[in-house]
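Asks: Got a structure for you, questions after.
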Amino acid sequence: MEAAARAGAGGRGIGVESPKRPRLAIAASPIQGRGVFAVEAIRRGAVILRMDDSRVIDGQHPLRPEDGEFAIHRDFLPDGTVTLMFSPERHINHSCEPNSYIHSANRKRFLLAMREIAAGEEIFVDYALNAVDGDEWECRCNVPTCRGYHKCDFFTLAPQLQRDYLPFLDPWFAEVHAARIQRLLSESL
Ligand SMILES: C[S@@+](CC[C@H](N)C(=O)[O-])C[C@H]1O[C@@H](n2cnc3c(N)ncnc32)[C@H](O)[C@@H]1O
Ligand SMILES: [Zn+2]
């Protein structure tokens, strides 16, 4: 396994309670290409990593394929900003039964564990969370509840699944799309 150095950089201060980020590794995934794996158990609610959103892609700063920047690693923020994902987050695959989710505070995005994650488990997010009008492909996540054809768009999920996912929706996304979420809730009364 290739060590994901940035993700394991948490240290301990002397006499100071210092949170330690879980160690992660990048390795071949049974789902697609490479994936991110927990090296040690991660408790529910733990911060797995902070997303590095520093590389913004726009008209003046386009992708540089000659420097290894590719469209597949773009990420779409709730305010419409497009960023380039770095490692290890760029290697996180999608699952229709994810074990992690993104939560923002002050527009800084963190990846949190949705449930207890065992050592050796692959880290997954549901790409439909916090996305609208994204790309589509045949999902190979292999879970019993796999939706099959995947579309990166929260609002195309079945209404019950959208409601089930509300606690895991990024507050930033929920704020931007408050009217659509209110409609979802009102229609289920
Ligand atoms: C950012 S990459 C994910 C990491 C990638 N496996 C790697 O090697 O770096 C996103 C792409 O991985 C593929 N992918 C991720 N999860 C998948 C899944 N469950 N089924 C099929 N393809 C998936 C899709 O092609 C998607 O556009
Ligand atoms: Zn699936």
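Asks: For segment 54-159, list the strands (runs of 3 or more DSSP E) that sit wholly inside it and hold at least 1 residues that are within 26 Å of residue 43 (Cβ to Cβ); which are they?
Replies: Result: 74-76, 100-105, 108-113.
Asks: Right, something else. I'd like to verify a number: residues in segment 119-143 that are more than 19 Å from residue 100 (Cβ to Cβ) and within 14 Å of ligand 2 (Cβ to nearest atom), how many?
Replies: 3
Asks: Any residue that is in contact (Cβ under 8 Å) with a residue 12 or more places away in the chain and within 14 Å of the chain's Cα centre (by Cα) - is there at least one of those in segment 56-68?
Replies: Checked against the condition, which is being in contact (Cβ under 8 Å) with a residue 12 or more places away in the chain and within 14 Å of the chain's Cα centre (by Cα), segment 56-68 yields no hits at all.
Rundown of residues vs (1) surrounded by 13 or more Cβ atoms within 10 Å (Cβ to Cβ); (2) of a type in the set (Phe, Trp, Tyr); (3) modelled with pLDDT under 95, yes/no style:
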| site | (1), (2), (3) |
| --- | --- |
| 106 | no, no, no |
| 127 | yes, yes, no |
| 158 | no, no, no |
| 187 | no, no, yes |
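Asks: All but one of (1) more than 10 Å from ligand 1 (Cβ to nearest atom); (2) out of contact with any strand residue (DSSP E or B) (no Cβ under 8 Å at 6 or more places or on another chain); (3) not β-branched (Val, Ile, Thr) hold for residue 140, so report the exception by its number.
Replies: It fails just one condition, (1).
Asks: So which residues in segment 162-185 are surrounded by fewer than 17 Cβ atoms within 10 Å (Cβ to Cβ) and in contact with a Ser or Thr (Cβ under 9 Å, 6 or more places away or on another chain)?
Replies: 163, 171 - these are the residues of segment 162-185 that are surrounded by fewer than 17 Cβ atoms within 10 Å (Cβ to Cβ) and in contact with a Ser or Thr (Cβ under 9 Å, 6 or more places away or on another chain).
Asks: Quick check on segment 82-96: of everything there that is more than 11 Å from the chain's Cα centre (by Cα) and under 18 Å from residue 153 (Cβ atoms), which residue is surrounded by the fewest Cβ atoms within 10 Å (Cβ to Cβ)?
Replies: Applying the filter and picking the extreme gives 82.
Asks: Those residues that are aliphatic (A, V, I, L, M) and crowded, with 17+ Cβ neighbours inside 10 Å, I need them from segment 40-80; list them, please.
Replies: Within segment 40-80, 42, 46, 48, 49, 51, 57, 77 meet the criteria.
Asks: Additional query: With respect to residue 62, is the statement that it is of a type outside the set (Lys, Arg), within 16 Å of ligand 2 (Cβ to nearest atom) and more than 24 Å from residue 25 (Cβ to Cβ) true?
Replies: It is false that residue 62 is of a type outside the set (Lys, Arg), within 16 Å of ligand 2 (Cβ to nearest atom) and more than 24 Å from residue 25 (Cβ to Cβ).
The values are calculated or read from the model by the stated rules, or taken from the named source; none is laboratory data. Note that the structure is predicted; figures quoted are calculated from it, not measured. Neighbour counts are summed over all protein chains in view; Cβ atoms, including those assigned to glycine, are modelled from backbone coordinates with ideal geometry.
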